[in-house]
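For reference, the structure discussed in these notes is given below.
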Amino acid sequence: MTPPSRTLGIAFSDARDASHAAGVVVRADGTPDGFAFATCTVGGTDATDAVLDCWSALDREDVRHVACAGVAPAWFNLLDLRRLHETLDRPVYAVSYERSPGLEPALRDAFDGDALADRLATYRSLPPRVPVDSADADEDVSDSDDPRFVRAVGLDSDEAAAAVRGLTRDGFRRCEPLRMAALAASAHREAVTGE
(Lines give C-alpha, C1' and ligand atoms only; values in the text may rest on other atoms or scores of the structure.)
Protein backbone atom coordinates (compact mmCIF):
# COMPACT_ATOMS: atom_id res chain seq x y z
CA MET A 1 0.00 0.00 0.00
CA THR A 2 1.33 3.43 -0.90
CA PRO A 3 1.10 6.08 1.83
CA PRO A 4 -1.99 8.30 1.74
CA SER A 5 -1.54 11.58 -0.13
CA ARG A 6 -2.06 13.55 3.09
CA THR A 7 -2.18 12.41 6.71
CA LEU A 8 -3.14 14.47 9.72
CA GLY A 9 -0.77 13.59 12.56
CA ILE A 10 -1.91 14.43 16.09
CA ALA A 11 0.34 14.55 19.18
CA PHE A 12 0.03 16.08 22.65
CA SER A 13 2.48 17.77 25.01
CA ASP A 14 1.47 18.15 28.66
CA ALA A 15 1.88 21.21 30.85
CA ARG A 16 0.69 21.28 34.46
CA ASP A 17 -3.07 21.55 33.89
CA ALA A 18 -3.48 21.55 30.11
CA SER A 19 -2.17 19.40 27.32
CA HIS A 20 -1.33 21.09 24.04
CA ALA A 21 -2.38 19.20 20.92
CA ALA A 22 -0.81 19.80 17.55
CA GLY A 23 -2.27 18.62 14.28
CA VAL A 24 0.09 18.56 11.31
CA VAL A 25 -0.96 17.70 7.78
CA VAL A 26 1.90 15.84 6.10
CA ARG A 27 2.06 14.90 2.44
CA ALA A 28 3.17 11.43 1.37
CA ASP A 29 6.62 12.81 0.51
CA GLY A 30 7.05 14.00 4.13
CA THR A 31 6.39 17.69 3.49
CA PRO A 32 4.33 19.49 6.16
CA ASP A 33 1.27 21.13 4.64
CA GLY A 34 -0.66 22.71 7.52
CA PHE A 35 -0.67 23.14 11.30
CA ALA A 36 -3.40 23.52 13.93
CA PHE A 37 -3.40 23.63 17.72
CA ALA A 38 -5.87 22.91 20.50
CA THR A 39 -5.83 22.13 24.21
CA CYS A 40 -7.40 19.61 26.52
CA THR A 41 -7.39 18.99 30.26
CA VAL A 42 -4.70 16.88 31.87
CA GLY A 43 -6.63 14.03 33.48
CA GLY A 44 -9.86 15.05 31.74
CA THR A 45 -12.03 13.48 29.07
CA ASP A 46 -11.71 16.04 26.27
CA ALA A 47 -8.73 14.81 24.22
CA THR A 48 -11.02 13.53 21.44
CA ASP A 49 -12.56 17.01 21.25
CA ALA A 50 -9.07 18.53 20.91
CA VAL A 51 -8.41 16.30 17.88
CA LEU A 52 -11.73 17.42 16.39
CA ASP A 53 -10.80 21.06 17.07
CA CYS A 54 -7.55 20.60 15.13
CA TRP A 55 -9.47 19.02 12.25
CA SER A 56 -11.99 21.87 12.17
CA ALA A 57 -9.29 24.55 12.31
CA LEU A 58 -7.49 23.01 9.35
CA ASP A 59 -10.64 22.53 7.25
CA ARG A 60 -8.77 20.14 4.92
CA GLU A 61 -10.98 17.79 2.95
CA ASP A 62 -7.87 16.48 1.15
CA VAL A 63 -6.62 14.69 4.29
CA ARG A 64 -7.01 10.92 3.77
CA HIS A 65 -5.92 9.44 7.14
CA VAL A 66 -5.68 10.61 10.75
CA ALA A 67 -2.79 9.23 12.83
CA CYS A 68 -2.64 9.75 16.60
CA ALA A 69 0.33 9.39 18.91
CA GLY A 70 -1.09 6.82 21.32
CA VAL A 71 -4.55 6.59 22.85
CA ALA A 72 -3.99 8.00 26.36
CA PRO A 73 -2.54 11.50 26.14
CA ALA A 74 -2.82 14.03 28.97
CA TRP A 75 -2.75 11.53 31.84
CA PHE A 76 -5.38 9.05 30.66
CA ASN A 77 -7.51 11.54 28.70
CA LEU A 78 -8.40 8.70 26.35
CA LEU A 79 -9.00 9.11 22.63
CA ASP A 80 -12.18 7.63 21.24
CA LEU A 81 -10.94 6.34 17.87
CA ARG A 82 -14.39 5.16 16.78
CA ARG A 83 -15.92 8.57 17.43
CA LEU A 84 -13.10 10.22 15.48
CA HIS A 85 -13.63 7.88 12.54
CA GLU A 86 -17.39 8.38 12.52
CA THR A 87 -17.15 12.16 12.85
CA LEU A 88 -14.31 12.72 10.38
CA ASP A 89 -15.26 9.98 7.91
CA ARG A 90 -11.59 9.05 7.58
CA PRO A 91 -9.52 6.06 8.66
CA VAL A 92 -8.05 6.74 12.10
CA TYR A 93 -5.20 4.91 13.77
CA ALA A 94 -3.11 5.31 16.89
CA VAL A 95 0.55 4.33 17.02
CA SER A 96 2.37 3.34 20.20
CA TYR A 97 5.97 2.37 20.85
CA GLU A 98 6.10 0.26 23.99
CA ARG A 99 5.07 -3.23 24.93
CA SER A 100 2.30 -3.04 27.49
CA PRO A 101 -0.06 -5.36 29.37
CA GLY A 102 -2.79 -2.76 28.74
CA LEU A 103 -4.07 0.33 30.53
CA GLU A 104 -6.78 -1.21 32.72
CA PRO A 105 -4.56 -1.72 35.81
CA ALA A 106 -3.26 1.86 35.61
CA LEU A 107 -6.77 3.24 35.08
CA ARG A 108 -8.01 1.30 38.13
CA ASP A 109 -5.14 2.70 40.22
CA ALA A 110 -5.79 6.30 39.15
CA PHE A 111 -9.61 6.54 39.02
CA ASP A 112 -12.76 5.18 40.60
CA GLY A 113 -16.51 5.56 40.28
CA ASP A 114 -17.91 7.23 37.16
CA ALA A 115 -14.47 8.56 36.14
CA LEU A 116 -13.16 4.99 35.99
CA ALA A 117 -16.30 3.60 34.32
CA ASP A 118 -16.19 6.25 31.57
CA ARG A 119 -12.51 5.65 30.85
CA LEU A 120 -12.89 1.87 30.87
CA ALA A 121 -15.79 2.13 28.40
CA THR A 122 -13.66 4.24 26.03
CA TYR A 123 -10.63 2.01 26.49
CA ARG A 124 -12.60 -1.20 25.90
CA SER A 125 -14.09 0.28 22.70
CA LEU A 126 -10.64 0.53 21.16
CA PRO A 127 -9.57 -2.05 18.58
CA PRO A 128 -6.73 -4.37 19.60
CA ARG A 129 -3.12 -3.29 19.23
CA VAL A 130 -1.23 -5.10 16.50
CA PRO A 131 2.49 -4.95 15.76
CA VAL A 132 3.77 -2.90 12.86
CA ASP A 133 6.18 -5.42 11.39
CA SER A 134 9.26 -4.23 9.61
CA ALA A 135 9.12 -4.07 5.83
CA ASP A 136 11.82 -6.75 6.11
CA ALA A 137 9.76 -9.93 6.29
CA ASP A 138 12.61 -11.69 8.12
CA GLU A 139 12.45 -9.30 11.10
CA ASP A 140 10.04 -10.23 13.88
CA VAL A 141 8.76 -7.16 15.77
CA SER A 142 8.54 -9.21 18.96
CA ASP A 143 12.35 -9.41 18.90
CA SER A 144 12.81 -5.72 18.13
CA ASP A 145 14.24 -3.25 20.64
CA ASP A 146 12.08 -0.57 18.97
CA PRO A 147 8.62 -2.08 18.50
CA ARG A 148 5.68 -0.18 17.05
CA PHE A 149 2.02 -1.03 17.43
CA VAL A 150 -1.12 0.28 15.76
CA ARG A 151 -4.85 0.35 16.57
CA ALA A 152 -6.98 1.12 13.51
CA VAL A 153 -10.59 2.06 12.82
CA GLY A 154 -11.85 2.46 9.26
CA LEU A 155 -9.16 0.34 7.64
CA ASP A 156 -7.68 -3.01 8.51
CA SER A 157 -4.63 -3.28 10.72
CA ASP A 158 -2.37 -4.43 7.89
CA GLU A 159 -3.26 -1.34 5.84
CA ALA A 160 -2.65 0.92 8.84
CA ALA A 161 0.71 -0.75 9.50
CA ALA A 162 1.65 -0.34 5.83
CA ALA A 163 0.71 3.36 5.99
CA VAL A 164 2.86 3.83 9.10
CA ARG A 165 5.81 2.05 7.46
CA GLY A 166 5.37 4.08 4.26
CA LEU A 167 5.36 7.37 6.16
CA THR A 168 8.46 6.55 8.24
CA ARG A 169 11.78 7.87 6.98
CA ASP A 170 14.88 5.69 7.18
CA GLY A 171 16.58 6.07 10.55
CA PHE A 172 13.44 7.22 12.37
CA ARG A 173 11.07 5.30 14.58
CA ARG A 174 8.06 7.61 14.32
CA CYS A 175 6.24 8.19 11.06
CA GLU A 176 6.58 11.75 9.76
CA PRO A 177 3.07 12.97 10.66
CA LEU A 178 3.56 11.92 14.29
CA ARG A 179 7.18 13.05 14.49
CA MET A 180 6.28 16.52 13.23
CA ALA A 181 3.15 16.73 15.39
CA ALA A 182 5.17 15.86 18.51
CA LEU A 183 7.71 18.59 17.71
CA ALA A 184 4.94 21.11 17.05
CA ALA A 185 3.01 20.20 20.23
CA SER A 186 6.11 20.58 22.38
CA ALA A 187 7.06 23.91 20.76
CA HIS A 188 3.50 25.20 21.16
CA ARG A 189 3.40 24.21 24.84
CA GLU A 190 6.73 25.93 25.49
CA ALA A 191 5.66 29.08 23.62
CA VAL A 192 2.32 29.34 25.43
CA THR A 193 3.30 28.27 28.95
CA GLY A 194 7.06 28.71 29.18
CA GLU A 195 7.18 25.16 30.62
Taking H as built 1.01 Å from N, whose amide H comes closer than 5 Å to the amide H of Ala18, not counting residues under 5 places away?
Val42
Farthest positive-ward along the chain dipole, Cα basis, beta-carbon charges - from Gly154, Ser125, Thr7
Thr7
Take the Cα atoms of the chain, find their three principal axes, and give me the spread along each one in whole Å, biggest first.
45, 34, 32
Counting only protein heavy atoms and a 1.4 Å probe, tell me what percentage of region 1-146's accessible area is made up of carbon and sulfur.
45 percent
So how long is each side of region 6-53 along the principal axes, counting just the alpha-carbon atoms, biggest first, in Å?
35, 17, 11
Sorted by average packing, counted as other Cβ atoms within 10 angstrom per residue and highest first, what order do 100-113, 24-37 take?
24-37, 100-113
Relative packing of 85-96, 175-186, 12-23, which averages over residues the other C-beta atoms within 10 Å, highest first
175-186, 12-23, 85-96
What's the extension gain from Ser5 to Arg124 if we count 0.36 nm per residue and subtract their Cα-Cα distance?
39.7 nm
Local electrostatic count, Asp62, Cβ distance below 9 Å [Lys/Arg +1, Asp/Glu -1]
+1
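The values are calculated or read from the model by the stated rules, or taken from the named source; none is laboratory data. Since the model is a prediction, treat every value here as computed from it, not as a measurement. FYI the Cβ positions are ideal-geometry reconstructions off the backbone, even for glycines, and counts take in every protein chain you see. Ligands, DNA and RNA are excluded from the accessible area calculation, which covers all protein heavy atoms including side chains. Shrake-Rupley method; radii C 1.70, N 1.55, O 1.52, S 1.80 Å.
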